[in-house]
Amino acid sequence: MTTPYITHKTIAEFSNNSVNLRQEDVEEYRAQVNRLREKLDKYIAEHPDYALVKMLHSGSVRKGTALKTINDMDVAVYIKADKAPEGNNIVNWLADRLREAYPNLNYDQFTTQTHCVTVSFRGSGLDVDVAPVLYEGDSNDCGYLITKDTGDRVLTSIPLHLKFIRNRKNNNPKHFAQVVRLIKWWSRIQKRNNQSFRFKSFMAELILAHLADNGLDMSNYPSALESFFAYVVSTGLSKRISFTDYYAASKLPSSNGAVIEIFDPVNANNNVAFRYTD
Ligand SMILES: Nc1ncnc2c1ncn2[C@@H]1O[C@H](COP(=O)(O)OP(=O)(O)OP(=O)(O)O)[C@@H](O)[C@H]1O
Ligand SMILES: [Mg+2]
């Protein structure tokens with residue numbers, strides 16, 4: 001047998017040098033979000049009628065799956081559903097609520113995107129994208145998340161997603177998060193070369209969670225990547241993916257014709273891939 005040119009060691013070194021956000025940056029960025037969160041908590045404690053409930057760090061920096069090339073972080077802000085405005089002005093309204101809570105930031109540090117509010121920290125940290133969650137007090141923190149990429153309203157729970165990913169990381173220390181980052185890196189290159197290429201990070205995490213749950217050994221990166229691509233090619237992603245962490249398989253809906261079905265581990269009625277076409 002010939003020795004493969006690309007070995008596990010090659011990819012592990014490449015990951016450390018080029019793919020992974022450095023641990024000290026991870027810690028600094030997490031601290032940045034914590035400061036924002038603590039200020040909001042303080043404002044909420046002092047203003048019981050305020051419409052916002054809390055802020056949770058929901059994105060890849062929190063999950064430990066961020067790439068070195070990251071340029072924004074994701075937080076979810078829980079909003080008392082009965083205080084939120086109807087329709088499409090929620091983002092402008094949310095920007096004004098955030099300006100109230102952060103009087104030390106400038107007015108124009110809050111800009112509205114189509115589906116989220118971006119808080120900019122020019123030079124002193126990463127930008128933070130704030131996605132709204134309409135919340136009615138559910139004990140598992142379930143609420144309607146307005147996703148920042150498409151604006152879909154999906155009933156889900158950020159803390160349960162974090163727990164879901166944490167469990168996969170615990171079952172495969174170091175390697176699960178590394179293989180997620182490598183696939184995200186590959187996806188980033190595809191997106192750079194092809195404007196119409198789409199592959200949401202959360203979907204990459206769920207496909208890899210499915211493979212890990214079914215016994216994929218992730219400790220050798222060339223073979224883990226090969227298995228991922230072999231799975232995509234051999235199934236054409238036409239096999240449903242679901243998890244039984246938080247609901248029984250019997251809760252899944254019958255097929256509604258979606259080309260790809262990758263179900264949210266928290267909500268059997270949320271196919272994370274429902275917008276993908278052939
Ligand atoms: N369609 C969806 N349904 C349910 N939850 C979602 C959906 N889209 C995003 N989320 C939530 O938002 C979190 C962030 O996922 P997303 O794919 O946007 O980016 P990310 O993990 O921050 O990766 P990146 O490094 O690309 O920013 C997910 O972990 C999940 O909790
Ligand atoms: Mg993100």
Completion exercise
Checking THR156, THR112 in turn, the sole residue that is β-branched (Val, Ile, Thr) and either closer than 30 Å to ASN220 by Cα or over 15 Å from the mean Cα position of the chain (by Cα) (or both) turns out to be THR112
Exercise for the section: Could you pull out the residue among ILE158, ILE165, ILE189 that is out of contact with any strand residue (DSSP E or B) (no Cβ under 7 Å at 6 or more places or on another chain), β-branched (Val, Ile, Thr) and surrounded by 15 or more Cβ atoms within 10 Å (Cβ to Cβ)? Expected result: ILE165
Exercise for the section: Go through segment 193-220 and give me each residue that's buried (at least 16 other Cβ atoms within 10 Å of the Cβ), free of Cβ contacts under 8 Å to residues at least 24 places away in the same chain and either assigned to a loop (DSSP other than H, G, I, E, B) or not aliphatic (A, V, I, L, M) (or both). Expected result: PHE199, LEU216
Handout entry: Restricting segment 221-252 to residues that are outside any loop (DSSP other than H, G, I, E, B) and in contact with a helix residue (DSSP H, G or I) (Cβ under 7 Å, 6 or more places away or on another chain), the residue that is nearest to TRP185 (Cα to Cα)
Key = LEU225
Practice task
Considering (1) away from ligand 2 (no atom under 14 Å from the Cβ); (2) over 25 Å from SER238 (Cβ atoms); (3) outside any strand (DSSP E or B), say which one GLN190 fails and leave the rest.
Solution key: (2)
Exercise for the section: Among the residues of segment 57-76, count how many are more than 6 Å from ligand 1 (Cβ to nearest atom) and small (Gly, Ala, Ser). Expected result: 2
Completion exercise
Those residues of segment 126-142 which are at positive phi and either surrounded by 15 or more Cβ atoms within 10 Å (Cβ to Cβ) or within 13 Å of the chain's Cα centre (by Cα) (or both) amount to ASP141
Exercise for the section: Would you mind finding the one in ILE79, ILE44 that is part of a helix (DSSP H, G or I), over 22 Å from PHE164 (Cβ atoms) and β-branched (Val, Ile, Thr)? Expected result: ILE44
Exercise for the section: Could you tell me which residue of segment 19-41 is surrounded by the fewest Cβ atoms within 10 Å (Cβ to Cβ), considering only residues that are touching a residue at least 60 places away in the same chain (Cβ under 8 Å) and part of a helix (DSSP H, G or I)? Expected result: GLU28
Exercise for the section: Can you confirm whether segment 239-249 contains a residue that is modelled with pLDDT of 95 or more, more than 21 Å from ILE183 (Cα to Cα) and of a type in the set (A, V, I, L, M)? Expected result: yes
Practice task
Determine which member of the set ALA177, ALA212, ALA230 is of a type outside the set (Ser, Thr, Tyr), in contact with a Lys or Arg (Cβ under 8 Å, 6 or more places away or on another chain) and away from ligand 1 (no atom under 13 Å from the Cβ).
Solution key: ALA212
Practice task
Answer with yes or no whether ILE183 is in a helix (DSSP H, G or I), within 16 Å of ligand 2 (Cβ to nearest atom) and crowded, with 16+ Cβ neighbours inside 10 Å.
Solution key: yes
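The values are calculated or read from the model by the stated rules, or taken from the named source; none is laboratory data. Computed from a predicted model, the values in this text were never measured in an experiment. Using ideal geometry, Cβ is built from the backbone for each residue, glycine included, and neighbour counts are taken over all protein chains shown.
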